[in-house]
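Some notes on the structure that comes next.
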Amino acid sequence: PIKKARADWRGLSLASLSGLLLALAYPPLSLWWLAYLALIPLYRVITSPQPLSQALASSLGKGLSENASLIPPSLVRHERPGEGVRGRGFSLGFTFAFTLYAIGMFWMNALATPLWAILCVMMGVIFGIWAWLTARIVPNFPTWMRPIVFAAGWTLFEWVRTLGVYAFPWFLLATSQTHPLALPFAQAADLGGQWLISFAIAAINGYLAEGTRGARVSEPPGTLWVTGGQGGEKRWSLLAIPLGIFLTLGTYGAITLPQYTIKGSAMDGAPSVPVAIVQANEDKGANWDERLKLYLNLARTVDSHNRLMLWPEGTIGATQFYAAEELARQKNIPILAGLSAVDQIEGQIRPRNIARLSGVPDEYIKRRLAPFGEVYPFRKQLASIYKSFGVNVDSYQTGIDPAVFEVSGLHIGPVICYESAFPWVSRETVRAGADTLAFLTSDQTFDGTPEHAQHLALTQLRCIENRRYGVRAATSGISAELRPNGQVVQRIESQKRGILNTAVVPLSG
């Protein structure tokens with residue numbers, strides 16, 4: 001008997017192609033338009049039955065496989081759409097994700113190659129489970145509904161990836177649309193968040209895949225492949241749907257994008273407030289005293305007309321902040337800085353990642369910690385391994401509530417580093433009264449890599465979702481001023497040192 005091939009190399013190749021195309025949609029190349037096409041190969045192989053004709057062709061010869069009538073009915077398996085792929089759905093999802101993260105996150109090598117490999121495998125397993133479920137669910141729906149079900153499943157999966165202590169929501173479809181040319185298609189994020197954008201892009205991929213799949217003519221029993229498919233005319237008509245989705249996003253963006261391009265003038269009845277952002281690009285090996293001296297020297301050069309000064313995440317130790325407060329009093333410019341603090345709790349050293357405003361006793365404690373960077377699983381059992389990476393403390397303390405600091409007419413809400421990947425952090429901060437978002441980050445570990453631009457894209461989405469101005473201070477880049485439509489007005493490039501003088505408008509809508 002002819003046995004089904006254990007591995008469908010064509011399917012795995014197409015899944016890998018999808019991973020490659022999607023990776024290219026993000027920095028460094030930022031081929032944003034590929035996001036609308038990248039999932040087509042993956043969709044095809046997940047939602048189609050396994051092509052038994054290919055297995056027969058390899059075993060019986062091309063001429064025999066083309067003449068289905070010569071093949072005994074006992075050798076023919078009749079499948080419904082999706083039935084044959086269910087068993088291999090996991091391998092398809094694994095291959096897609098492994099390719100996506102291996103290429104798109106090669107910058108993880110700067111941290112440790114083994115961690116990069118582990119991440120690729122972990123994400124491969126997670127996507128494999130998603131693909132296995134998708135292959136069992138989506139093909140059961142009528143052709144016109146499959147892209148919608150696929151998009152709903154994809155978006156739900158993106159949301160699931162934001163849950164849990166070790167969540168890693170990188171490479172969401174919406175973040176590909178932060179390129180200047182793509183920003184009109186991201187504006188609908190103020191209606192349904194990044195989820196609406198991801199849903200729309202996934203649906204477009206699905207309809208393009210279905211609409212270009214080609215005609216499938218029903219055949220009598222005894223033929224190679226019985227699917228009960230639809231004719232080509234009906235499938236081509238499906239292409240009107242992705243075009244409609246694309247035009248709807250573009251039209252909404254064309255209307256709303258110009259409404260938030262005003263800079264340095266009144267908007268919503270509020271005057272603009274000048275803000276200075278400090279990017280020191282300090283040496284990675286600098287100690288706390290050296291860092292403090294560098295930031296103080298830069299801060300002394302800030303123009304006196306500014307009403308707020310921003311220092312990045314982990315600038316100095318919390319015990320050194322008194323020096324920054326003294327300088328803030330001398331220049332009459334409040335300083336909002338990211339600080340590193342350490343406490344002794346029940347005999348354990350527990351650090352915390354905080355933001356403080358000079359002259360204010362309160363502090364903001366980071367609420368969404370970075371896996372393996374601030375949360376260390378199996379800390380005691382893997383103590384020697386962590387020590388080899390310079391980790392000599394326990395997991396960081398986790399903050400509970402958002403914070404809003406009032407200064408010079410601004411109600412500014414701090415969002416620290418990894419928190420910008422999670423929409424709920426910025427959303428809760430705005431609901432707490434923030435009219436401006438301050439993103440404080442330190443990405444020095446990944447200097448010279450696309451991680452800086454990929455991280456910046458997340459803050460652009462947060463500004464669009466909440467329709468707030470954003471100011472971003474990074475230790476070594478990319479520091480930037482962001483409009484409520486996600487446009488980057490000014491920026492200091494990676495691994496540069498300087499002061500970014502900008503102005504933001506507090507918005508309360």
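Under the 0.36 nm per residue contour assumption, what length would be gained going from the current alpha-carbon distance of residue 181 and residue 331 to full extension? Mind dumping the intermediate values first?
Numbers: separation 150, 0.36 × 150 = 54.00 nm, distance 4.02 nm.
The residue 181-residue 331 span can extend by a further 50.0 nm.
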Residue by residue through region 121-127, what is 3J(HN,Hα) from phi via Karplus (6.51 cos²θ - 1.76 cosθ + 1.60, θ = phi - 60°)? Round to whole Hz and write x for glycine and proline. 5, 4, 5, x, 5, 5, 5
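Please compute the length gained on full extension between residue 319 and residue 144, using 0.36 nm multiplied by the number of residues separating them and subtracting their Cα-Cα distance.
Working: separation 175, 0.36 × 175 = 63.00 nm, distance 6.17 nm.
Between residue 319 and residue 144, full extension yields an extra 56.8 nm.
Taking region 154-195, which chymotrypsin sites (Phe, Trp or Tyr not before Pro) meet the DSSP loop condition and have no more than 14 other C-beta atoms within 10 Å?
166
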Share of accessible surface on carbon and sulfur in region 279-378, whole %, 1.4 Å probe and ligands ignored, is 50
At residue 9 and residue 408, where each label point lies 7 Å from the Cα along Cα→Cβ, what is the point-to-point distance in nanometres? 6.4
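Cα gyration tensor of region 132-196, axes a ≥ b ≥ c as square roots of the eigenvalues: rounded (a/c below 1.5), prolate (a/b > b/c) or oblate? Write down the numbers at each step before the final one.
On the way: a/c = 2.54, a/b = 1.34, b/c = 1.91.
Oblate is the answer for region 132-196, as a/c is 1.5 or above yet b/c matches or exceeds a/b.
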So for region 464-509, using the alpha carbon gyration tensor with a ≥ b ≥ c as root eigenvalues (a/c under 1.5 gives rounded; past that, a/b versus b/c decides prolate or oblate), I'd call it prolate
In whole percent, how big is the carbon plus sulfur part of the accessible area of region 97-147, probe 1.4 Å, protein atoms only? 82
For a quick check: with amide H placed at 1.01 Å from N, whose amide H comes under 5 Å from residue 504's, ignoring anything fewer than 5 positions away on the same chain? 273, 275
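The values are calculated or read from the model by the stated rules, or taken from the named source; none is laboratory data. Please read all numbers here as calculations on a predicted model, not as lab measurements. With ideal geometry, Cβ positions are generated from the backbone for all residues, glycine too; neighbour counts draw on all protein chains shown. Just so you know, the surface numbers come from the protein's heavy atoms only, side chains and all, with ligands and any DNA or RNA stripped out. Shrake-Rupley method; radii C 1.70, N 1.55, O 1.52, S 1.80 Å.
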